[in-house]
Amino acid sequence: MIKITENYQIGILEMDYVSKIQELEQGFGLAMAQASDLNKLEQVRQQYLGRSGLITEFVKIIKELSSEDKKSWGGEFNRLKIASEQSYQLRLQELQIAQKRQVELERASFDVTAYQVGRQFGSLHPCSLISAKIEDVFISMGYQIADGPEIETEFYNFEALNVAKDHPARDMQDTFWLNLPGYLLRTQTSNVQIHTMQNQQPPIAILAPGRVYRSESTDASHDFAFMQVEGLLVGRDISMANLLATMQVCLQAIFGQQRLEIRVRPGFFPFVEPGVEIDMECPFCKQGCSVCKRTRWIEICGAGLVHPNVLRAVGADPDEFSGFAFGLGLTRVVMLNYGINDIRLLHTNRVAFLQQF
């Protein structure tokens, strides 16, 4: 009698190796076929091919056989082990491919609008919404969106824009000066125009939205930080007619009224000559309301033809090139468009307020 492992408490002479090999092969094949996922296949592997698995323990019998029996049965035992491992690898690959396809199918059919309990929804800030609308209008007219630094030097914020040394805007009540000599928080986005004209030859068409800072007391209609958008067009034969047509198209698109009229009044700005104040027809009434203060007109922006001194400051010849520039209070447009009566609401981060947009 030959001693065999504990899993098989029968004598070697009583064992029919052929039938036992067939039994293991059939059982293993059926178990793998029934394994519908990788976890179940792993259970089958451990049951048959693990350290104490049925096939593993059966193959160990070869060590107890005589030399003659090893020659007779060694090939069959080895074939059983190799064939079982190969069958397992093939089934493993099949299930891995099936699992990958299932994941891809689930991703392809994923419903991003599906409701989720307790999910919080966000939205764009009203300033972002209006800024995007204005940008779309000017991009459609061939303008590029430009950006620049909020910490600026006197040259870019004042000198290059033809603002004299004794101009009131340089006083502390209007400007945030930094401890670094000659540096300040920009008071308008006009500095972007200077940076652009220094680095780019005409023709130039840019729109520069951004945050600006003024040393002002905060109340319902004033804040020390607010949004502004400025535009610049420089080329040959640019006239006031180009400026007025551009502003009318812009305001009509922002307020969604194709017949919105504008009017022009003389105005002074150091960096343009001539300078104008542009009013728009009140888009909210026909006979006067609280928004337009019963006048039917709303002051909306300052503009004009680029001053020759500004062109000279950036190395452009005013005899060859001309252009126009305008400054639009983006925060003011937001308040008009959405009927917001307090500028401070735009900075409070109150969820109840922001959820309206």
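The numbers here are math on the coordinates, done by the rules we state, and not lab data. It should be emphasised that the depicted structure is a prediction, and the values quoted were computed from it without experimental measurement. In this analysis, Cβ positions are derived from the backbone assuming ideal geometry, glycine residues included, and neighbour counts consider all displayed protein chains.
If you take the C-alpha gyration tensor of the stretch 12-108, multiply each eigenvalue by 5 and take the square root, what semi-axes do you get, largest first, in whole Å?
Numbers: eigenvalues 233, 25, 20 Å².
Those come to 34, 11, 10 Å.
Once both labels are modelled 7 Å past Cα along the beta-carbon direction, what's the LEU129-LYS286 spacing in nm?
The modelled label-to-label distance comes out at 2.7 nm.
Can you work out ³J(HN,Hα) from phi for every residue in the stretch 131-141, in order, using Karplus 6.51 cos²θ - 1.76 cosθ + 1.60 and θ = phi - 60°, giving whole Hz and x for Gly and Pro?
4, 5, 5, 5, 4, 4, 4, 6, 4, 5, 9
Compute the length gained on full extension between SER67 and TRP177: take 0.36 nm times their separation in residues and subtract their Cα-Cα distance, giving the result in nm to one decimal. List each step's numbers first, then the result.
On the way: separation 110, 0.36 × 110 = 39.60 nm, distance 9.88 nm.
Residue separation times 0.36 nm, minus the Cα-Cα distance, leaves 29.7 nm.
How much length is gained on full extension from ASP16 to LYS100, taking 0.36 nm per residue of separation minus their Cα-Cα distance?
On the way: separation 84, 0.36 × 84 = 30.24 nm, distance 4.29 nm.
Net length gain for the segment: 25.9 nm.
Distances over 17 Å make up what percent of all Cα-Cα pairs in the stretch 315-357?
Working: 463 of 903 pairs.
Cα-Cα pairs in the stretch 315-357 separated by more than 17 Å: 51 percent.
Between GLN198 and PHE353, take the C-beta separation as r, use R0 = 30 Å, and let me know the FRET efficiency to the nearest 0.05. Present the calculation step by step, with values, prior to reporting the outcome.
Details: r = 40 Å, r/R0 = 1.35.
It comes to 0.15.
With all distinct Cα pairs included, what does the Kirkwood hydrodynamic radius of the stretch 77-187 come out to in Å, to one decimal, could you say?
Details: mean 1/r = 0.0455 Å⁻¹.
So the Kirkwood estimate lands at 22.0 Å.
What ³J(HN,Hα) values, in whole Hz, does the Karplus curve 6.51 cos²θ - 1.76 cosθ + 1.60 give for the stretch 70-76 when θ = phi - 60°, with x put for Gly and Pro?
Running phi through 6.51 cos²θ - 1.76 cosθ + 1.60 with θ = phi - 60° gives 4, 5, 6, 10, x, x, 5 Hz.
Starting from 0 in steps of 20 Å, tell me what percent of the Cα-Cα pairs of the chain lands in each bin.
Spelled out per bin, shortest first, that is 22, 31, 11, 14, 17, 5.
Can you work out ³J(HN,Hα) from phi for every residue in the stretch 218-235, in order, using Karplus 6.51 cos²θ - 1.76 cosθ + 1.60 and θ = phi - 60°, giving whole Hz and x for Gly and Pro?
Ordered by residue, 3J(HN,Hα) equals 8, 8, 5, 10, 9, 8, 7, 9, 8, 9, 9, 9, 10, x, 9, 10, 10, x Hz.
Can you give the FRET efficiency for SER217 and ASN341, using 1/(1 + (r/R0)^6), R0 = 30 Å, r = Cβ-Cβ distance, to the nearest 0.05? Provide the component values of the computation, followed by the final result.
On the way: r = 18 Å, r/R0 = 0.60.
Efficiency computed from Cβ-Cβ geometry: 0.95.
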